[in-house]
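Laboratory data are not the source of any read-out in this text; all were calculated from the coordinates shown. Here the structure is a predicted model, which is why all the values come from computation and not from measurement. All Cβ positions, glycine included, derive from the backbone under ideal geometry; neighbour counts span all protein chains shown.
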Amino acid sequence: MSVIRRLARPTSRLLSAVIVTGAGAMLAGDTGADVVKASYITNTFYNYKLLHMPDLDQRRSTLPADGGMYCVPTSVFNMFAYAANHGYPAAPPEDGDWQLQSKYIEATLWLNVIGNWMNTDPDDGTSGSGTKAGMDALIAQAPYLKRVHKGLSSSYNPTVAKLALYGCQGWAMSFVYGKWAVVGTHNGLPVVDRVGGHAVTLTRAYRDSDQWILRYRDPADDTALTTQSAFKNTTRTPYNYSAYYGGTSIYNIHSLNAIFNTSGGTRVIDTIYGIRPLYGLTFHNTGGAVTGGGGLVQMLDPLAFEGSENTTLPSVTIPSSLAVLDFDFDGDFQNALVIATSSIFPLPPRLRTLDLTTGQLAILTPSPQGLRRFATDRFNHIYAFDGGGVLHFLAEDGTPLASTEAIPDPTEVAVHTGDDSVWIISVPERTVVKLFADFSETLLTQVVPAAVPMAGDA
């Protein structure tokens, strides 16, 4: 059996006739491709290169404060303009040659609109929540696109390697480098506070052990206020920078990627974000009659950006000692989660992470045992029910946050990306239930008429 789980957070599973074979995508070497390099081995060996990314100027006389704080809206414009020019011509701002002076006024109007959606402040710039709101507003007009936005936290380090992996898997990516100023030392490490930042758009990420290359489109590399400059790259050599970021707790220690330093502070990548067309995962069970375990998980990309022939779509093998009950992308859309049980010993199913690069599986030990099905939301939460019919609300690491037994005999669970509501269907009860994200309220209970066929009907 092969099952596709779509990036769009499906409300139902799709059965596929696709049989997954082969060991993963190799570099195609297509000279007409825009992604001309897409190889990711480890976080110290990767090679990503993208051509034809727009490079709009943020400084414009008709933007608030001459656009001095419009780097985030401009970096997002670049990515959506790339999408429009690579297979999605109706996606805002629609396709066109944005380097032409004849497109300057139209581009400026779009930057105004995006800045309004993001609530960009002419003095303070754009917040993370504003960035996501603006990207969501654009995606509402381009429903075949998805976005990712990941910032520095106690559990996540944005890095050049993660940018490269997203790029190699078909994403158009931008990032923010914060300006981090030293305010002291603690346990031999600098203590740094964020005093500013700037957003740019990725075009190149290369690392071979100690040799690094990073290139990007910088929206602030030209001072003219009424003309569009020629598109060009800025090149940097990243390096690791360990410090206490924003405090002296153990949770503030991070080793991040700095790209340059001035007297005002070290510029460190602290946020990454991007877009790509919807894509999915397939699982093909290869287990025989004896164990029933094992299989192949592969990423499928039916709607890729034009010019993405060289992107690397991973394929990983599940060992025959494990039988997979359910699988889906994790909240980062780079790796997967699976519920699997031993095909040899009578052990309860466990929720596990699956690294789509290495194939490594690891149990999320805080998660309940005996889970059967799950779904994730855009905040990395996990919703899963067990064999006893209990629906669990879990943190990203599997830690239980809430549970409910209000839905008898659940069959499937999904999360709506628009309002983050949780939907459960029970085939035995012929019922569909909609819950608030934290289970605090039942928003809808709908009985499915007997005339409507359901999976499992006799």
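Data overview
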{"read-out": "The chain, dipole about Cα centre (Lys/Arg Cβ +1, Asp/Glu Cβ -1), debye to the nearest 20", "value": "700 debye"}
{"read-out": "Relative contact order of segment 382-458, defined on C-alpha pairs under 8 angstrom at six or more residues apart (%)", "value": "18 percent"}
{"read-out": "Spin-label pair residue 144/residue 286, simplified geometry with 7 Å Cα→Cβ offset, distance in nm", "value": "3.2 nm"}
{"read-out": "Angle in degrees between helix 104-118 and the longest Cα principal axis of the chain, rounded to the nearest 10", "value": "50 degrees"}
{"read-out": "Segments 142-150, 219-227 sorted - mean Cβ within 10 Å per residue, highest first", "value": "142-150, 219-227"}
{"read-out": "Rg ratio (alpha-carbon, reference 2.2 N^0.38 Å) - segment 382-458", "value": "1.11"}
{"read-out": "Expected 222 nm ellipticity per residue - DSSP helices of 4 or more, -39500 (n - 2.57), all of the chain, to 500", "value": "-3500 deg cm²/dmol"}
{"read-out": "Value of relative contact order over the chain, rounded to a whole percent, pairs C-alpha under 8 Å and six or more apart", "value": "15 percent"}
{"read-out": "Ranked by how many other beta carbons lie within 10 Å on average, peptides 90-103, 33-46 from highest", "value": "33-46, 90-103"}
{"read-out": "In nm, spacing of pseudo-spin labels at residue 347 and residue 62 (7 Å Cα→C-beta vector)", "value": "6.4 nm"}
{"read-out": "Rg over Rh, two decimals, segment 292-386 (C-alpha only, Kirkwood Rh)", "value": "1.01"}
{"read-out": "Label point 7 Å beyond Cα of residue 255 along Cβ direction - residues of segment 213-244 with amide nitrogen under 11 Å", "value": "240-243"}
{"read-out": "Karplus 3J(HN,Hα) series, Hz, for segment 214-228 with 6.51 cos²θ - 1.76 cosθ + 1.60 (x for Gly, Pro)", "value": "9, 10, 7, 8, 9, x, 10, 8, 9, 9, 5, 9, 10, 9, 8"}
{"read-out": "Karplus-derived HN-Hα couplings along segment 68-73 (A = 6.51, B = -1.76, C = 1.60, θ = phi - 60°), whole Hz, x at Gly and Pro", "value": "x, 10, 9, 5, 5, x"}
{"read-out": "Using θ = phi - 60° and Karplus 6.51 cos²θ - 1.76 cosθ + 1.60, couplings along segment 151-158 (whole Hz; Gly, Pro as x)", "value": "x, 4, 8, 5, 10, 9, 10, x"}
{"read-out": "Lys pairs, the chain - Cα-Cα below 12 angstrom, 8 or more residues apart or on other chains", "value": "4"}
{"read-out": "Residues listed by number, segment 94-121, amide nitrogen under 14 Å from residue 137 label point at 7 Å toward C-beta", "value": "109-121"}
{"read-out": "Shape parameters for segment 35-277, alpha-carbon atoms, Rg then Dmax in Å", "value": "17.5, 56"}
{"read-out": "By average C-beta atoms within 10 angstrom, highest first, the peptides 300-311, 241-252, 72-83", "value": "72-83, 300-311, 241-252"}
{"read-out": "Rough spin-label spacing in nm, given labels placed 7 Å along Cα→Cβ, for residue 416 and residue 239", "value": "5.2 nm"}
{"read-out": "Over segment 77-132: Rg over Rh, Cα atoms, Kirkwood Rh", "value": "1.02"}
{"read-out": "Estimated FRET transfer efficiency (residue 156, residue 194; beta-carbon r; R0 25 Å; 0.05)", "value": "0.95"}
{"read-out": "Using a Förster distance of 41 Å, the FRET efficiency for residue 129-residue 447 (Cβ separation, nearest 0.05)", "value": "0.60"}
